[in-house]
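Data first, discussion second: the structure below is written as structure tokens.
The values are calculated or read from the model by the stated rules, or taken from the named source; none is laboratory data. Just so it is clear, the model here is predicted, and its values are computed rather than measured. Positions of Cβ are generated from backbone atoms using ideal geometry, with glycine treated the same way; all protein chains shown enter the neighbour counts.
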Amino acid sequence: MRNTLTGEPLSEWEYRQGRRKESVKTGGRLLVTEAGTLLGACLAGVGIARIKAIGVRGLLEKGQLVELLPDWQGESFPLYALYPSGRLPAAKVRAFVDFVMEAIEGRGA
């Protein structure tokens, strides 16, 4: 996968298991910038990818994808919901934030 901001290949993946960290150098002949293309390549048997489980849960359950390294966690990234301060968010914004929180908590985070 290429970094969408720099265009550079993401050539190192970091994994954690407790306090232990491991970095894995990756490489390949196929580089993409879009997750859908990456997923399509994996489904076609072209290789492996690091993709968030929440987006492929159904494919994992159907056996179309296989989880590698289930005892290791990949990098985590903060997620923020921004809306104007000084007032309550609109009901649709609050509903979306609640939906995302349930989805995140449902995956065991």
Within region 70-109, considering residues that are in a helix (DSSP H, G or I) and among the basic types (K, R), the one nearest to the chain's Cα centre (by Cα): R94
Pick from region 72-90, criterion surrounded by 10 or more Cβ atoms within 10 Å (Cβ to Cβ) and free of Cβ contacts under 8 Å to residues at least 24 places away in the same chain, ranking: nearest to Q17 (Cα to Cα): A81
Identity of the residue in region 48-71, among the small types (G, A, S) and touching a residue at least 12 places away in the same chain (Cβ under 8 Å), that ends up surrounded by the most Cβ atoms within 10 Å (Cβ to Cβ): A49
Matching residues, region 11-47, being surrounded by 13 or more Cβ atoms within 10 Å (Cβ to Cβ), in a loop (DSSP other than H, G, I, E, B) and of a type in the set (A, V, I, L, M): L31, V32, V46
Whichever residue in region 39-55 is modelled with pLDDT of 90 or more and within 17 Å of the chain's Cα centre (by Cα) and, among such residues, is nearest to E102 (Cα to Cα): L39
